[in-house]
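Student: My questions all concern the structure below.
The values are calculated or read from the model by the stated rules, or taken from the named source; none is laboratory data. On a predicted model such as this, the values are computed, not experimentally measured, just so you know. Note that we place each Cβ from the backbone using ideal geometry, even for glycine, and neighbour counts take in every protein chain shown.
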């Protein structure tokens, strides 16, 4: 697969994600304004979804037509091809290491929290015992 194709697919996927986001934002604005969202096809394809996806795809095409954006995108794609990705075994080992470290730190912080809560409870409850 060429870098040009990867960049085009990336622009397309980004446009879909932005379109989904814009659709929800527009739907919330329509609800807030008290307007009725016209249904075009089925339950999901409404006027807000048409506007959201139209704006996002128009933006993706506009960005894709800019020479500087296209150049940067192609450079990023070529650099990503040079990356040596970890194997499944390396990824599994790193994930286990992160989970173990996270558990150890959680236990240590939990111990400190429990201890500090006991100390502060004794300090703030002391005046009651002293007749205050």
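Student: Identify the single condition in (1) over 24 Å from the mean Cα position of the chain (by Cα); (2) farther than 30 Å from residue 2 by Cα that residue 102 does not satisfy, given that it satisfies every other one.
Tutor: With respect to (1) over 24 Å from the mean Cα position of the chain (by Cα); (2) farther than 30 Å from residue 2 by Cα, residue 102 is out only on (1).
Student: On to the next question. When the residues of the range 31-50 are filtered to those that are out of contact with any helix residue (DSSP H, G or I) (no Cβ under 6 Å at 6 or more places or on another chain) and crowded, with 16+ Cβ neighbours inside 10 Å, which remaining residue is modelled with the highest pLDDT?
Tutor: Within the range 31-50, the match that is modelled with the highest pLDDT is 50.
Student: Against the condition within 29 Å of residue 74 (Cα to Cα), surrounded by 13 or more Cβ atoms within 10 Å (Cβ to Cβ) and free of Cβ contacts under 8 Å to residues at least 60 places away in the same chain, how does residue 14 come out, does it pass?
Tutor: yes
Student: Given the residues 123, 108, which is the only one that is at pLDDT 95 or above and more than 25 Å from the chain's Cα centre (by Cα)?
Tutor: 108
Student: Has the range 79-88 got any residue that is under 30 Å from residue 26 (Cα atoms) and modelled with pLDDT under 95?
Tutor: No.
Student: Report every pair of residues separated by at least 6 positions or lying on different chains whose Cβ atoms are under 6 Å apart, first residue within the range 55-70 and under 15 Å from residue 18 (Cβ atoms), second loosely packed, with under 11 Cβ neighbours inside 10 Å and at pLDDT below 90.
Tutor: Here the result reads none, with nothing in the range 55-70 linked to a residue that is loosely packed, with under 11 Cβ neighbours inside 10 Å and at pLDDT below 90.
Student: Further, regarding this structure: Would you check if there is a residue in the range 72-93 being surrounded by 10 or more Cβ atoms within 10 Å (Cβ to Cβ) and farther than 30 Å from residue 7 by Cα?
Tutor: Checked the range 72-93: at least one residue is surrounded by 10 or more Cβ atoms within 10 Å (Cβ to Cβ) and farther than 30 Å from residue 7 by Cα.
Student: Scan the range 97-114 and give yes if some residue there is at negative phi and touching a residue at least 12 places away in the same chain (Cβ under 8 Å), otherwise no.
Tutor: Scanning the range 97-114 turns up no residue that is at negative phi and touching a residue at least 12 places away in the same chain (Cβ under 8 Å).
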